[in-house]
1. Students often check this: by mean Cβ neighbours within 10 Å, which of 85-91, 124-130 ranks highest, and how do the rest follow?
2. Mind listing the phi-derived Karplus ³J(HN,Hα) values for the stretch 6-23, rounded to whole Hz, using 6.51, -1.76 and 1.60 with θ = phi - 60°, and x for any glycine or proline?
3. For the chain, what does -39500 (n - 2.57) per DSSP helix run (n ≥ 4), summed and divided by total residues, give at 222 nm, in deg cm²/dmol to the nearest 500?
4. Using alpha carbons only, how many degrees (0 to 90, rounded to 10) separate the axis of helix 60-82 from the longest principal axis of the chain?
Amino acid sequence: MGKWRQPDRWGMGLSLLCALHCLLVPLAFALLPSLVLALHSFRDPLRPVALSLLHLQRFDVHLIAFALAFAVLSLAAGWRRHRRLHASVWLLPAAGSFAMGLFVRGPGWWHPWTLVLGGLFLMLAHARNLRDRQAVEARSAAVADR
């Protein structure tokens with residue numbers, strides 16, 4: 001496995017983790033009412049857990065900025081190799097979905113679902129970039145065998 005594949009594999013994994021984070025933290029509060037109650041009680045033993053989950057939401061902007069910067073660098077390196085813009089087709093909706101989730105006010109479900117969608121779009125961008133890189137490697141290997 002070439003070293004050039006690693007950034008896209010890492011990017012797909014990190015994008016999936018980002019999507020799962022954005023989905024599971026709000027889901028934990030929705031499905032476990034005791035966490036919501038723990039936020040209102042100073043004596044509840046679950047209060048530290050509930051507060052730590054709530055504080056995880058503060059890092060959304062930083063995680064998204066890192067994920068997008070990593071994706072841009074990875075896709076730029078892939079473009080230098082394969083000269084295809086297919087992966088960028090998925091990167092633009094990912095950035096738009098992240099921006100809408102962070103900066104547009106909507107109903108309670110708006111924030112987590114737009115961020116989950118952005119993470120999935122980002123994962124698809126890395127997958128497409130990896131596929132394009134593999135196609136170039138296979139084509140160059142076929143030419144070298146002739």
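What follows draws every value from the coordinates through simple rules; no lab data is involved. Please read these numbers as outputs of a predicted model, since none were measured by experiment. We place every Cβ from the backbone using ideal geometry, glycine too, and count neighbours over all the protein chains shown.
1. Values: 85-91: 17.7, 124-130: 23.6.
Ranked by mean Cβ neighbours within 10 Å, highest first: 124-130, 85-91.
2. For the stretch 6-23, the Karplus-derived couplings read 4, x, 6, 5, 4, x, 5, x, 5, 5, 5, 4, 4, 5, 5, 4, 5, 8 Hz, x marking Gly and Pro.
3. Values: 6 runs with 120 residues, N = 146.
Estimated from H runs of four or more residues: -28500 deg cm²/dmol.
4. Once rounded, one gets 10 degrees.
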